[in-house]
Amino acid sequence: MNMTLPYSTLALLVGFSVAASAQDYPNKPIRLVVSSAAGGTGDTLARAVARFVEKVLHANIVVDNRPGATGIIATDTVAKAEPNGYTLLQTSSSMVTNAATGRKLPYDVTRDFIPVTNLATAEGYLVLVNPGLRVASVNELIALAKTRNLLYGSPGAGNPIHFMTESFNQRAGTTMTHVPYKALAPALIALVSGEIQVLLAPPLATRQHIAAGNMRALASVSAKRISAMPDLPTMEEIGFSGFTLLGGWQGWFAPAKTPQAIVAKIQRAVANAVNSGELRSYMHNGGYIPDGRSPAEFRVLVLSDYQRFRELARVANIKEE
């Protein structure tokens, strides 16, 4: 007696199994691996969004901070995880800038992940200086940088902040020296202490430091003025035409082969969260625009950013460090 099932029947059974799995999902805690250190912008956003998503999915979300190597440690952790929706990644545009520099990575950005959704897009980064630096404008900063060696920080070589500050060096004719840190949080501490003099960073992570006088904002690297800081000029207004960090995002990813039905369920939960009144207000105040786009739309953004940063790396001569 032939007990072999026809291919069509097997496919139908597999389909039923995946659908049942998605319907049952989640039935245990979800691990959200975050590429930034505790207290960093990514971590702050992750915890705010996770609180809302937990309510929608009726499951606990455990935030697992894995900073270091410009997000490579966290990203590799998720690339090797079981594709069942219980291990997710939150990371920034550094995911594509790492690849754009030609760095050898233990994963493939375009093949080993499913882009789930973008939490938010940054309005832009702030050009920040230590208050001990006696400059009140970007032009004064440039003039000073041409007379002495200033140090600028970043959350690691290949991070978007590294890209943009090196591009600033090139456009301004300065030679500020790059000092990479393991994450944004230690770079902020270095700016406050005076270990470095210059840093580009998002408003969400810096507004309290600025209000306390621990750092000074000179301008924003954005297409238009930051809504929470309307008096701060943009680099465009100062005369740096086209000098904007467009599309700086914080997104959620799942390992490749995660069932599409589970990915869709997570995306809907995140979209509901980031578009809630409370989170929208929180993000706008921090210089972020809430998003929540579909997996297909987010994939388009990720791939286009990869191409954009590859070109920027070429122009600014940024290579693997």
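The values are calculated or read from the model by the stated rules, or taken from the named source; none is laboratory data. This is a predicted model, so every value here is computed, not measured. Please note: Cβ atoms are built from the backbone with ideal geometry, for glycine as well, and neighbour counts cover all protein chains shown. In case anyone asks, the SASA skips ligands and DNA or RNA and just uses the protein heavy atoms, side chains included. Shrake-Rupley method; radii C 1.70, N 1.55, O 1.52, S 1.80 Å.
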Can you say whether ILE210 is among the aliphatic types (A, V, I, L, M), farther than 29 Å from ASP291 by Cβ and not in a strand (DSSP E or B), as far as the supplied structure shows?
no
Hey, SER276 hits all of (1) closer than 18 Å to ARG51 by Cα; (2) of a type outside the set (D, E, K, R); (3) at pLDDT 95 or above; (4) open to solvent by 20 Å² or more (accessible area, probe 1.4 Å) but one; which does it fall short on?
(3)
Within region 226-241, is there a residue that is free of Cβ contacts under 8 Å to residues at least 12 places away in the same chain, in a loop (DSSP other than H, G, I, E, B) and on the phi > 0 side of the Ramachandran plot?
yes
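Return yes or no: is VAL62 open to solvent by less than 30 Å² (accessible area, probe 1.4 Å) and at pLDDT 95 or above? Give the steps one after another, and end with the answer.
Working: open to solvent by less than 30 Å² (accessible area, probe 1.4 Å): no; at pLDDT 95 or above: yes.
The answer is no for VAL62.
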The listed residue being buried (at least 21 other Cβ atoms within 10 Å of the Cβ), closer than 22 Å to VAL179 by Cα and out of contact with any Leu (no Cβ under 6 Å at 6 or more places or on another chain), out of GLY71, GLY40
GLY71
List the pairs whose first member sits in region 49-73 and is of a type outside the set (A, V, I, L, M, F, W, C), whose second member is assigned to a strand (DSSP E or B), and whose Cβ atoms are under 6 Å apart, counting only residues at least 6 apart or on separate chains?
GLU54/ILE61; ASP64/ARG31; ASP64/VAL33; ASN65/VAL34; ARG66/VAL33; GLY71/THR91
Scanning region 205-249 for residues that are at pLDDT below 85 and farther than 21 Å from THR97 by Cα, the one farthest from the chain's Cα centre (by Cα) turns out to be SER241
Residues in region 11-27: is at least one at pLDDT 85 or above and open to solvent by less than 40 Å² (accessible area, probe 1.4 Å)?
yes
Subset of region 173-192, residues of a type in the set (A, V, I, L, M), touching a residue at least 40 places away in the same chain (Cβ under 8 Å) and not in a loop (DSSP other than H, G, I, E, B), comes to LEU184, ALA185, LEU191, VAL192
Qualifying residues in region 103-118 (those that are in contact with a Phe, Trp or Tyr (Cβ under 7 Å, 6 or more places away or on another chain) and polar (S, T, N, Q)) - the one nearest to SER93 (Cα to Cα)
ASN118
Among the numbered criteria (1) open to solvent by 20 Å² or more (accessible area, probe 1.4 Å); (2) touching a residue at least 24 places away in the same chain (Cβ under 8 Å); (3) on the phi > 0 side of the Ramachandran plot, which single criterion is violated by ARG293?
(3)
Go through (1) open to solvent by 70 Å² or more (accessible area, probe 1.4 Å); (2) touching a helix residue (DSSP H, G or I) at 6+ places or on another chain (Cβ under 9 Å); (3) among the hydrophobic types (A, V, I, L, M, F, W, C) one by one and return the number of the condition VAL263 breaks.
(1)
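Kindly establish whether GLU166 is within 30 Å of ASN275 (Cα to Cα), among the acidic types (Asp, Glu) and modelled with pLDDT under 95.
Working: within 30 Å of ASN275 (Cα to Cα): no; among the acidic types (Asp, Glu): yes; modelled with pLDDT under 95: yes.
No, not satisfied.
Can you find even one residue in region 152-167 that is over 26 Å from THR97 (Cα atoms), assigned to a helix (DSSP H, G or I), of a type outside the set (A, V, I, L, M) and open to solvent by 10 Å² or more (accessible area, probe 1.4 Å)?
There is no residue in region 152-167 that is over 26 Å from THR97 (Cα atoms), assigned to a helix (DSSP H, G or I), of a type outside the set (A, V, I, L, M) and open to solvent by 10 Å² or more (accessible area, probe 1.4 Å).
Please work out which residue is farthest from VAL135 (Cα to Cα), limiting yourself to region 223-241 and to residues that are in contact with a Leu (Cβ under 7 Å, 6 or more places away or on another chain) and either surrounded by fewer than 19 Cβ atoms within 10 Å (Cβ to Cβ) or of a type in the set (Ser, Thr, Tyr) (or both). Can you show your working first?
So in region 223-241, the residues in contact with a Leu (Cβ under 7 Å, 6 or more places away or on another chain) come out as 223, 225-226.
Still in the running and either surrounded by fewer than 19 Cβ atoms within 10 Å (Cβ to Cβ) or of a type in the set (Ser, Thr, Tyr) (or both): 223, 225.
Details: ALA223: 23, ARG225: 20 Å.
Looking at residues that are in contact with a Leu (Cβ under 7 Å, 6 or more places away or on another chain) and either surrounded by fewer than 19 Cβ atoms within 10 Å (Cβ to Cβ) or of a type in the set (Ser, Thr, Tyr) (or both), I get ALA223.
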So, in region 116-149, how many residues would count as being crowded, with 24+ Cβ neighbours inside 10 Å, over 13 Å from the mean Cα position of the chain (by Cα) and over 21 Å from GLY173 (Cα atoms)?
1
Where in region 254-321 are there helices (runs of 4 or more DSSP H), lying fully within it, with 1 or more residues that are under 20 Å from ALA99 (Cα atoms)?
295-315
